[in-house]
Amino acid sequence: MTQRVELATVMDRLAIEELITDYAVSVDDGDWTAYRGLFGPDGRADYRRAGGIEGSAAEITEWLTRTMELFPMRQHLIVNRRLRFGRLDNDTGDTADVQADYINPMRFAGAGTASDAPSGAPDFVCGGRYAFALVRTHAGWRLHGVTVHEKWRRTEGAAAATAS
């Protein structure tokens, strides 16, 4: 591998890392315009294994806009990212897959603010693994697919019982 190819690979890795971080931040901040902009034209997401839906990026954005109102406080932590480059039209590096673990503490609406909660703790926490499929576009790296594999969840207190 030449230095130029190695540098391009490092730059791609950094851009993909930023895209995954932007994904978490847009959901946590409720920035649905930014969230939708992370996807390519044919982008899809599948949240069924976390109790959600599967659909186009536009459909998922609408669903998240409504669903996340239940959780005004949320904080994705996406870790253990494993990135693999693939091929598109015989060009190495035009697609990529990222497998990443997540933990997502959230707070139910109406449960008070984090500052007045016992110890400031969230009352809903889940964890699992994301499978991100990415494609290089003229606008840079974009999500082609997101699949959420929730492995566990924990709810606490009266807010969890009320939300059931």
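The values are calculated or read from the model by the stated rules, or taken from the named source; none is laboratory data. Here the structure is a predicted model, which is why all the values come from computation and not from measurement. Ideal geometry is used to build each Cβ from the backbone, glycine not excepted, and the neighbour counts take in all protein chains shown. The area values use the complete protein model at the heavy-atom level, side chains included, leaving out ligands, DNA and RNA. Shrake-Rupley method; radii C 1.70, N 1.55, O 1.52, S 1.80 Å.
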In region 1-44, which residue that is among the β-branched types (V, I, T) and modelled with pLDDT of 95 or more is most open to solvent (accessible area, probe 1.4 Å)?
-> T33
Enumeration of residues in region 26-54 that are free of Cβ contacts under 8 Å to residues at least 12 places away in the same chain, under 17 Å from H76 (Cβ atoms) and part of a helix (DSSP H, G or I) = D29
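Using the structure shown, decide if T61 is modelled with pLDDT under 95, surrounded by 13 or more Cβ atoms within 10 Å (Cβ to Cβ), over 17 Å from L77 (Cα atoms) and of a type in the set (S, T, N, Q).
Working: modelled with pLDDT under 95: no; surrounded by 13 or more Cβ atoms within 10 Å (Cβ to Cβ): yes; over 17 Å from L77 (Cα atoms): yes; of a type in the set (S, T, N, Q): yes.
Spelling it out, it is not the case that T61 is modelled with pLDDT under 95, surrounded by 13 or more Cβ atoms within 10 Å (Cβ to Cβ), over 17 Å from L77 (Cα atoms) and of a type in the set (S, T, N, Q).
Working only within region 61-81, note down all residues that are in contact (Cβ under 8 Å) with a residue 40 or more places away in the chain and in a helix (DSSP H, G or I). First the steps, then the outcome.
Residues of region 61-81 that are in contact (Cβ under 8 Å) with a residue 40 or more places away in the chain, as a first pass: 68-71, 73-78, 81.
Within region 61-81, M68, E69, L70 meet the criteria.
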